[in-house]
Structures are given as structure tokens and as C-alpha cells.
Amino acid sequence: MGSLLFQAIIFLCTFEGVFLLSPFWKPSWPTTKLPVVLPQLTEELGLPKFNADAKLNVTSNCGPDCHKGAPLPTFEQLKEFLSYETLYFNGSLTETKVGIYGFNMADMATVQGRNGRSRAKRQIYGYDSRFSIFGKNFLLNYPFSTSVKVSTGCTGTLVAEKHVLTAAHCIHDGKSYVKGAQKLKVGFLKPKLKDVTEKNSNQTKSHNSEKMKFQWIRVKRTHVPKGWIKGSANDIGMDYDYALLELKKPHKRRYMKIGVSPPVKQLPAGRIHFSGFDNDRPGNLVYRFCEVREETYDLLYQHCDAQPGASGSGVYVRMWKRQFQRWERKIIGVFSGHQWVDQNGVPQDFNVAVRITPLKYAQICFWIKGNYVDCRDG
């Protein structure tokens with residue numbers, strides 16, 4: 001009975017929100033005018049030291065009100081934030097400066113989110129609403145199969161045949177690359193079959209007892225935006241807590257495309273979804289969904305229950321794609337993690353995701369495709 005109930009819950013969660021929708025209304029992916037972010041100059045840097053400890057929690061003293069009241073970046077600052085470092089598997093490092101084209105600075109106007117409720121000092125908000133996913137029928141099927149383990153302790157999401165999206169703080173602490181980043185690997189859950197022999201009075205028989213294990217693939221190169229690295233001494237870095245990993249070989253699994261984050265009022269039931277490898281449930285993939293409480297131009301603030309290890313998970317929603325007349329899931333953000341915020345001397349906490357804005361979409365898509373022509377559909 002318990003197993004059937006669990007499967008029913010997973011079924012409803014997998015088809016997130018469909019049963020709430022009227023047949024006369026479908027939340028649709030908005031049409032977005034996308035800018036172009038192109039590399040202009042690439043220079044070699046000195047060898048990184050790889051001496052930082054990987055921190056799975058991000059801290060900041062700037063909350064939603066602080067971010068909404070901050071001055072908008074200038075065009076030159078945006079180019080600086082979207083410039084990026086590329087770390088190669090042999091330890092070499094480059095910096096690439098970018099140009100931005102077709103972007104209207106007026107679009108950077110602050111998004112007014114709903115007022116957040118009071119928050120308790122904990123990463124689990126009230127009843128723990130996370131679901132541990134068991135069995136290969138779930139773990140190896142879409143969308144759960146897009147979640148992978150990053151060897152520094154975080155989660156990542158498959159977004160192309162050779163690319164994984166994760167959080168920048170899993171690779172770089174804002175000042176230095178973390179220990180293990182040079183030999184970075186990505187783990188894919190695979191069945192582990194073990195022969196088990198059963199004996200009884202009449203016969204001896206053998207059958208397979210299924211367990212899961214990680215199969216690891218080395219990372220060829222890693223892109224980290226300078227907005228995260230340059231933001232180590234201030235709060236702008238929180239807006240750029242994302243990184244893209246390119247694997248040495250294709251993973252041959254179905255992946256989830258990235259998309260521009262719609263306003264919260266356009267999300268189905270105002271909810272987001274993501275799966276990650278939370279540290280308090282070792283070896284388990286943990287799924288959750290929740291309502292977004294507040295938003296800024298770059299961040300989503302919510303009460304999704306999460307623990308360290310889930311950071312880097314791809315935050316996604318499922319909406320109607322008018323062009324193809326079908327439902328489609330897309331990654332609209334990266335779960336940054338649990339953030340402690342000191343507001344006027346009063347500690348508060350948030351679980352925060354970095355939104356994929358039009359500029360970030362253009363940048364990440366170029367990292368994946370290598371051209372801007374294939375990056376016009378966000």
C-alpha cells in the first residue's frame with residue numbers, strides 16, 4: 001500500500017500541476033526578445049591554486065529588499081559580469097571578455113515580487129516535503145535522470161549532450177578554485193547488479209538484487225562568469241552563481257533544455273521544481289516543489305526544503321510550447337542554496353535560485369552551441 005501511495009505521489013509530481021489546470025487555459029512559454037553575448041578577446045591567465053574548500057552554503061547580507069533597491073548595473077558593468085573564466089582539465093585557465101548586442105537596459109528594471117512571510121532559521125520549513133526517489137524505473141527516466149552528481153559535492157543538471165549546468169560556488173569560492181576542481185567529474189546513477197543466492201530446503205536459486213551506483217565522467221572544461229568571481233567582495237556575485245561543465249564525452253541521456261525564466265505570476269501555480277543529492281540523504285536523489293515567495297530580476301526566493309548537496313540543481317517548470325503544440329520542461333534557474341541574510345541586525349534565511357535571464361540564457365547557450373544563431377529561442 002505504501003509503495004502504491006508513493007508511486008501515485010511521484011506520478012502527480014512528475015506531471016507537475018497538470019491536474020490543476022483547466023482544459024481552456026495552458027501556462028505557455030512566453031516569447032522573449034533575446035540579446036546576443038559574443039566573446040571578443042581571450043587571454044591566458046596564470047595557473048590557479050585550487051586551494052579553496054568547497055562550501056555548499058552561500059552567505060550574503062543582502063536580501064530581497066536590498067536587491068530591489070540596489071542601483072542597476074551600467075552597460076559596461078554588465079559586460080564585465082558576463083565575461084568569464086574557462087578552466088581546462090590540464091589546469092590551464094583563460095579569461096574571455098564579451099560584447100553584448102541587442103539588449104535594452106530598460107529591461108533591467110526591478111521585478112516586484114510578493115512580500116515574503118517571516119522565515120524560521122532552518123533549511124526545512126515546517127513539514128519536510130521532500131521525496132526520495134527510488135528504483136531505476138524513476139531514477140533512470142526523465143526528468144529525474146537529468147540530475148547528476150558533481151564530484152565537489154553539489155548537484156548538476158544535463159542541459160546538452162556534453163554539458164552540465166551547476167552552481168559557480170561548487171567550482172569557485174569567489175576568490176579561488178576549490179580543491180578537486182582541476183580533476184572535476186560528474187556522476188551518473190547506474191544500476192548495480194549483485195547476485196544474491198537464496199537457500200531453502202528443496203533448492204538453491206539465484207536472482208539479481210538491484211542497487212544504484214555512480215558512473216563518473218571527467219570534465220573537459222568549465223565556464224564561470226566573472227560576475228561571480230568579481231562579486232566575491234560584494235553582493236552582486238549572488239546573481240551570477242552558475243557555471244557550465246563540458247564533459248570529455250557525450251553522456252547519451254535525454255537532457256533538459258534551458259529557458260528564460262518567466263515572471264513568477266506566469267509560472268503554473270507559481271511553483272518551481274528541482275531534484276538534488278541532499279547530504280542528509282546520502283545516495284538518494286531527492287525531489288521537491290514549492291511556491292516562489294519573492295523575486296528580483298536575477299533571483300527567486302522560495303521555501304523549497306533543501307539541504308547542502310542540492311545546490312547546483314536545475315530549477316525547472318513545465319509549460320505549453322505553442323510553436324510545437326506540446327508541453328515542455330525547461331531549466332529556468334540554478335538552485336544556489338541556503339542563504340543566511342542579516343537584515344538590519346535581524347537574521348533571516350532564504351532558499352534562493354539564480355534566474356536564467358535573457359543575458360544569461362544568451363551566454364550559457366553560446367557556451368553550449370558555440371554560435372548565437374542557435375540561441376534565438378529562449
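The values are calculated or read from the model by the stated rules, or taken from the named source; none is laboratory data. Since the structure is predicted, the reported quantities are computational estimates derived from the model, not experimental observations. Please note: Cβ atoms are built from the backbone with ideal geometry, for glycine as well, and neighbour counts cover all protein chains shown. Ligands, DNA and RNA are stripped out before the accessible areas are found, and what is left, the full protein with its side chains, is counted by its heavy atoms. Shrake-Rupley method; radii C 1.70, N 1.55, O 1.52, S 1.80 Å.
Residues being modelled with pLDDT of 90 or more and outside any loop (DSSP other than H, G, I, E, B): count how many of those fall in the range 222-268.
Residues in the range 222-268 being modelled with pLDDT of 90 or more and outside any loop (DSSP other than H, G, I, E, B): 20 in total.
I'm checking my understanding of the structure. Among residues of the range 23-35 that are of a type outside the set (A, V, I, L, M), open to solvent by less than 50 Å² (accessible area, probe 1.4 Å) and part of a loop (DSSP other than H, G, I, E, B), which one is modelled with the lowest pLDDT?
Thr32
Among the residues of the range 297-309, is any in contact with a His (Cβ under 9 Å, 6 or more places away or on another chain), assigned to a loop (DSSP other than H, G, I, E, B) and closer than 22 Å to Gln363 by Cα?
Yes - at least one qualifying residue is present in the range 297-309.
Kindly list, by first and then second residue, each pair from a residue in the range 125-142 that is under 13 Å from Lys211 (Cα atoms) to a residue that is in a strand (DSSP E or B) and modelled with pLDDT under 80, limited to pairs with Cβ atoms under 6 Å and residues at least 6 apart or on different chains.
Sorted first by the residue in the range 125-142, then by its partner, the pairs are Leu139/Ile133.
Quick check on the range 150-161. Is at least one of its residues surrounded by fewer than 18 Cβ atoms within 10 Å (Cβ to Cβ) and at pLDDT 95 or above?
yes
Quick test of your reading of the structure: Leu165 fulfils all but one of (1) open to solvent by less than 10 Å² (accessible area, probe 1.4 Å); (2) at pLDDT below 85; (3) farther than 22 Å from Met212 by Cα. Name the failing condition by number.
(2)
Is there any pair linking a residue in the range 95-119 that is within 19 Å of Thr74 (Cα to Cα) and in a loop (DSSP other than H, G, I, E, B) to one that is modelled with pLDDT of 55 or more and open to solvent by 30 Å² or more (accessible area, probe 1.4 Å), with Cβ under 7 Å and at least six apart or on different chains, and which?
Listed by first residue and then by second, the contacts come to Thr110/Lys68; Thr110/Tyr297; Val111/Pro263; Val111/Tyr297.
Residue-by-condition table, conditions (1) under 23 Å from Gly259 (Cβ atoms); (2) in contact with a helix residue (DSSP H, G or I) (Cβ under 8 Å, 6 or more places away or on another chain); (3) open to solvent by 20 Å² or more (accessible area, probe 1.4 Å):
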residue	(1), (2), (3)
Val37	yes, yes, no
Leu41	no, no, yes
Pro71	no, no, yes
Thr74	no, no, yes
Glu80	no, yes, yes
Tyr88	no, no, yes
Leu93	no, no, no
Thr96	no, no, no
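Among the residues of the range 186-214, write down those that are at pLDDT 50 or above and open to solvent by 90 Å² or more (accessible area, probe 1.4 Å).
Lys192, Leu193, Lys194, Lys211, Lys213
I'm trying to understand the selection: among the residues of the range 46-69, which are open to solvent by 60 Å² or more (accessible area, probe 1.4 Å) and under 30 Å from Gly180 (Cα atoms)?
Those that are open to solvent by 60 Å² or more (accessible area, probe 1.4 Å) and under 30 Å from Gly180 (Cα atoms): Leu47, Lys49, Asn51, Asp53, Lys55, Asn57, Thr59, Asn61.
Looking at Phe335, Phe277 in this structure, which one is in contact (Cβ under 8 Å) with a residue 40 or more places away in the chain, farther than 20 Å from Trp228 by Cβ and buried (at least 21 other Cβ atoms within 10 Å of the Cβ)?
Phe277 is the lone residue from the list that is in contact (Cβ under 8 Å) with a residue 40 or more places away in the chain, farther than 20 Å from Trp228 by Cβ and buried (at least 21 other Cβ atoms within 10 Å of the Cβ).
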